[in-house]
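A.B. asks: Mind looking over this structure? Questions follow.
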Amino acid sequence: MMKTGWLVTLTAACLVSATVMAADPAPVAQPASAKMVYEAGNMLAIFTKSRVLSEGLKFNFSGDSGEIKINGTSAKLAAKFDRAKNLLGLGLDTNRDGTVDDKEFMATKDKACGFRFKDADGRDCQIVFNALLPGVDKSGQIKTLAGAYYPNYCMKGVLAGQTVRLVDEDMNGTFSQDGNDGIVIGNTAYALPLCRMHLIAGKHYQLEVASDGASITATPADDLKLGLVEAPLLIPATKTLVLMDDTNGRAYDLVSAAKVGIPEGTYSFCYAAVTSGANSMSVYPTAPNNPRGNGGTPKYPISPDAINVLSLGPSFKLYFEAFGSDKINVNPGVSVFGSGNEYYALNFASGGTSTPSISMYNGKKLLSKEYMAYG
C-alpha cells in the first residue's frame, strides 16, 4: 500500500500550512494485443513441460518405420543403419507423398537430428528428434525404433511490452489454452502450460489465443484475490518453478510471480529447473503410484492476502541402490525426493575406483563428507 505523504510549507517566521498530498492513482492495465510471427532457426532452446518430463512426444515402432503426428496429420518416419560406419540415419516424409526418399534422410549425432521443411499445407516447420534408440540385429537390420520429438519453432510477438512465444507442444497444428501447449513469457528458455490467465509484465491478464497462433488478445484481470508464495526451492539457482491451476485455467512461474502474488485456487506442481554454471537439474512431480514418492506430489491451495509456504525443496530424502557381485563391481544408483515428494533428476557417474561418497557444502565450504559402504 502506498503511504500518504505530507507537504510542509514554511515562511521565514513560522509554519503556515500542512497539506495532505493524495497518493497517485494506481496505473490501470490496458487491453493489449499482439500479432505473432513464425520463428525458428537460431531461436531460444525452449523447454516445455513434456520436454522436461519425457524429452518430447514419444514413439516406439516395431520394425524400422512407423507414423508420427505433425500439425495434426500423419507423417512416415523411417530409419536405416550403416554397420560399417556405426551410423544411424533417420528419414522423415516431409513432402507427405507416403514414402521416405533417400534425400529425406538425415545422419544422426548423439542420438539426435533435426528437420526443417514446409509442410503439406505450406506451413513452415522445424522438428528435433532425440533419445533415439534403435534395436539392431547382427546383420544391421533395425528391428525396433524408439525415441522422442518436439517442435523447434514457435509463434513470437510482443504483448504488453514483453516478448511472448507460443509453442505447439502436442504438435496437433492448433494452439489450445488447456495446458497442452506452451507459452514463454520473456526471453527465457522455459515455457508454462498455455492457459487462459498468465502474468505478463508484472500484471495478470486474461488471454485469448487464435487457434493458429497468429494473434493474442490480453484483457487485464481485475479484482483478483492474490496470495504471495514462498518455497524452499525458490533459490537463486532456480530458473523456473511452474504451478498450474487447471480448474480455473491459470499457470505461473513462481520465479517471477511469487512476490507479485497469484490468484487464489488449488495448484499442481508442473516442473522446475535448477542450474549452476554448466550444470542443470530438472525437477518432476511424482506419480501417485510411486512408492518412494509416498503417493505423489500434493495439491497446493493458495489463500488470498496471505503468504503461502509450499513444500518444494529441502528437506530431501535420498534412496541408495548398489548392484554388484562378490567381486565388488558396483553400479550405484541414487534417487532424490524433496519435501513435496517431487523427484530430482540427477546424474551420478559410476565406474570409478574410489569409494563413493556424499558431500555437503555451504557455498564453497565443505560441511560434511560421508563415504558409502555395503549395507
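A.B. asks: Could you list, in sequence order, the residues of segment 156-201 that are among the β-branched types (Val, Ile, Thr) and within 14 Å of the chain's Cα centre (by Cα)?
C.D. replies: Correct list: 167, 183, 184, 185, 188.
A.B. asks: Output the residue which, of all residues in segment 135-155 that are over 27 Å from the mean Cα position of the chain (by Cα) and closer than 14 Å to residue 77 by Cβ, is surrounded by the fewest Cβ atoms within 10 Å (Cβ to Cβ).
C.D. replies: That would be 144.
A.B. asks: Going by the conditions given, is residue 41 assigned to a strand (DSSP E or B) and touching a residue at least 24 places away in the same chain (Cβ under 8 Å)?
C.D. replies: The answer is no for residue 41.
Residues checked against (1) farther than 25 Å from residue 54 by Cβ; (2) of a type in the set (A, V, I, L, M):
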{"site": "242", "(1), (2)": "no, yes"}
{"site": "251", "(1), (2)": "no, yes"}
{"site": "259", "(1), (2)": "yes, no"}
{"site": "276", "(1), (2)": "no, no"}
{"site": "298", "(1), (2)": "no, no"}
{"site": "312", "(1), (2)": "no, yes"}
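A.B. asks: Contact list please: Cβ distance under 8 Å, first residue in segment 65-76 and assigned by TED's automatic domain parsing to the domain that holds residue 141, second residue in a strand (DSSP E or B) and hydroxyl-bearing (Ser, Thr, Tyr), pairs at least six apart or on different chains.
C.D. replies: 67/74; 68/74; 68/149; 76/65
A.B. asks: Moving on. Residue 121: more than 16 Å from residue 168 (Cβ to Cβ) and not in a strand (DSSP E or B), yes or no?
C.D. replies: no
A.B. asks: If I filter segment 47-62 for residues that are acidic (Asp, Glu), without any contact (Cβ under 8 Å) to a residue 60 or more places away in the chain and not assigned by TED's automatic domain parsing to the domain that holds residue 273, do I get at least one hit?
C.D. replies: no
A.B. asks: Tell me, which strands (runs of 3 or more DSSP E) lie completely within segment 190-290 with 1 or more residues that are small (Gly, Ala, Ser) and outside the structural domain of residue 335 (by TED's automatic domain parsing)?
C.D. replies: Per the criteria, 215-220.
A.B. asks: Out of 60, 95, 71, I need the residue that is under 26 Å from the mean Cα position of the chain (by Cα) and within 16 Å of residue 125 (Cα to Cα). Which one?
C.D. replies: Being under 26 Å from the mean Cα position of the chain (by Cα) and within 16 Å of residue 125 (Cα to Cα) holds for just one of 60, 95, 71, which is 71.
The values are calculated or read from the model by the stated rules, or taken from the named source; none is laboratory data. Because the structure is a prediction, the values reported are computed rather than measured. Every residue, glycine among them, receives a Cβ derived from its backbone with ideal geometry; neighbour counts consider all protein chains shown.
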